[in-house]
1. Filter region 1-14 down to the residues that are open to solvent by less than 90 Å² (accessible area, probe 1.4 Å), in contact (Cβ under 8 Å) with a residue 12 or more places away in the chain and of a type in the set (A, V, I, L, M) and list them by number.
2. Which of the following residues is touching a helix residue (DSSP H, G or I) at 6+ places or on another chain (Cβ under 7 Å), open to solvent by 50 Å² or more (accessible area, probe 1.4 Å) and not basic (Lys, Arg): Thr142, Thr146?
3. (1) of a type in the set (Ser, Thr, Tyr); (2) farther than 27 Å from Leu72 by Cβ; (3) open to solvent by 20 Å² or more (accessible area, probe 1.4 Å): which one isn't true of Ser154, the others all being true?
4. From the residues in region 59-78 that are aliphatic (A, V, I, L, M) and in a strand (DSSP E or B), which one is nearest to Asp7 (Cα to Cα)?
5. Looking at Arg217, Arg121 in this structure, which one is open to solvent by 60 Å² or more (accessible area, probe 1.4 Å), modelled with pLDDT of 95 or more, under 19 Å from the mean Cα position of the chain (by Cα) and not aliphatic (A, V, I, L, M)?
6. Taking Lys109, is it open to solvent by 70 Å² or more (accessible area, probe 1.4 Å), modelled with pLDDT of 90 or more and under 30 Å from Leu239 (Cβ atoms)?
7. Quick check on my filter: what residues within region 15-48 are assigned to a helix (DSSP H, G or I) and open to solvent by less than 30 Å² (accessible area, probe 1.4 Å)?
8. How many residues, within region 182-214, are farther than 30 Å from Lys116 by Cα and not aliphatic (A, V, I, L, M)?
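The values are calculated or read from the model by the stated rules, or taken from the named source; none is laboratory data. Every value quoted in this text rests on a predicted model; they were computed, and no experiment measured them. Cβ atoms come from the backbone with ideal geometry, glycine included; neighbour counts cover every protein chain shown. Just the protein is used for accessible areas: all its heavy atoms, side chains included, with ligands, DNA and RNA removed. Shrake-Rupley method; radii C 1.70, N 1.55, O 1.52, S 1.80 Å.
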Amino acid sequence: MPLGMDDVFRALADPTRRSLLDELFREDGQTLNALEERFDMTRFGVMKHLRQLEDAGLVVTRRRGREKLHFLNPVPIRLVHDRWVSKYAEPWAAGLSGLKHQLEGQMEKVFEIYIKTTPERLWEAITDPDIRAKYNFGACATSDWTPGSSYEFSAGGGTVPLGEGEVLEADPPRRLVHTMTALWSDDVKNEGSSRITWEIEPVGDSCRLTLTHDQLREGANEELYGGWPMILSGLKTWLETGQLLTTPGSLMYAQSSGAA
């Protein structure tokens, strides 16, 4: 069932749950055992708080072999920001936070959001370049979306290259996997290729969209993944209301691409 703002506010009201989110902010993808060691409470108590965070959509879990890993999902917090904070805040307040996650090996970021729409309409919003530009900073993603085809991310009608990659899997309207090499600055170019997975699951009259950005190097530049909460918030807003986000940065390339 789609989550509401009240669920998020209730989950954030408890200081222990906020501390758990702070811990996952510090180091994402932790097991229950690792989290339990950092809190002066029983294993059951930690599990109970994690369950409430999961129910609010603030924590997403993934199985890795026999382990269950917990990931911070900042998308609901982004939605709260867009609804309650951004219209009062100064423009600088919407800048991306300095996210750094020092994990062993490669980093993985997981984002989840519920959108009242159909899988087909959500798939179209992800793969149609004109629709994509409406919520993706005004930039387009272009491909024929078949395995092995190229993927281009650009602004200004293709005149400003922002990224490129290859489609690895495509199962419309359920799953899309592609690589991405960012091109918008020398810093992100040096990071090389990473992988993005879009998974769409129908839930009643809505869809759960899970976006996984992985194969990121340890300590990768936050510009590669820090914008996803705003992008997914914009996607939800557009599909559910037909409106565009106007928070600072949400229409970064809109003028040059003609998406506004």
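1. Within region 1-14, Leu3, Met5, Val8, Ala11, Leu12 qualify.
2. Exactly one of Thr142, Thr146 is touching a helix residue (DSSP H, G or I) at 6+ places or on another chain (Cβ under 7 Å), open to solvent by 50 Å² or more (accessible area, probe 1.4 Å) and not basic (Lys, Arg), namely Thr142.
3. (3)
4. Val59
5. None of the other options fit; the residue is Arg121.
6. The answer is no for Lys109.
7. Listed by number, the residues that qualify are Arg17, Leu20, Leu21, Glu23, Leu24, Leu32, Ala34, Leu35, Gly45, Val46.
8. 9
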